[in-house]
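Have a look at the structure below, then the notes.
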Amino acid sequence: MIKKRNTLQKQIVFETFSDLHNHPSAGMVLEAVREKYPGISQATVYRLLAEAAEEGEILRLQLQGTADRYDVTLKPHRHIVCRLCGAVADVDLQWDAQAVLACTTAHEGFTVEDCHIEFSGICSQCSRNQVSN
Ligand SMILES: [Zn+2]
Ligand SMILES: [Zn+2]
């Protein structure tokens, strides 16, 4: 019985999440879910998102200057964060991972395992606001 209710809540949370397309934080998902289902608890939404990220169903992004965000796109890609409003967008960066690894592997005896590239800037909405001010 409890399991069934959880499944329905999970369906609601993920349908809402996949409609957002804006790399939402847990708080943003909660807000959108509550527009349709005001009774759903914050703990439930946050837990379902965290569990889905742990199971690899969605990506959890830890970006500079903003709360953790969730991403429906699982293939490797980069992000740009607006330093004014925290908007997050995808960056399809073509890069030669082997070349990057080759030039970093020799450093200080480290074995390189991972590398994060993240962009920051000002989104189009904030640029427009700046011009009109
Ligand atoms: Zn912005
Ligand atoms: Zn993304």
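Some observations on this one:
- For region 1-87: relative contact order, % (alpha-carbon pairs under 8 angstrom, 6 or more apart): 25
- Summarising the amide proton neighbourhood of Ser25: residues at separation of 5 or more, or on other chains, whose placed amide H is nearer than 5 Å comprise Tyr70.
- Sorted ascending by nearby beta carbons within 10 Å, beginning with the fewest, Ile122, Ile117 become Ile117, Ile122.
- In this structure the amide hydrogen of Arg78, modeled in the peptide plane, comes within under 5 Å of the amide hydrogens of Val91, Leu93, none closer than 5 places in sequence on its chain.
- Result for the chain in a Gaussian network model with C-alpha springs under 10 Å: among Glu118, Glu108, Glu31, the largest mean-square fluctuation is at Glu108.
- Database remark: amide H of Ala87 closer than 5 angstrom to the amide H of Cys82 (H placed geometrically; neighbours at sequence offset of 5 or more, or on other chains; Pro and chain starts carry no H).
- Exposure proxy ranking, count of Cβ atoms within 10 Å, fewest first, for Phe110, Phe119, Phe17: Phe110, Phe119, Phe17
- Three-way shape call for region 1-104 based on the alpha-carbon gyration tensor, with the a/c threshold at 1.5: prolate
- Charge dipole (debye, nearest 20) of region 78-123; +1 at Cβ of Lys and Arg, -1 at Cβ of Asp and Glu: 220
A short reminder: the numbers here are calculations on the coordinates, not readings from a lab. Only a predicted model underlies this, so the values are computations on that prediction, with no experimental measurement involved. Backbone-built Cβ (ideal geometry, glycine too); neighbour counts: all protein chains shown.
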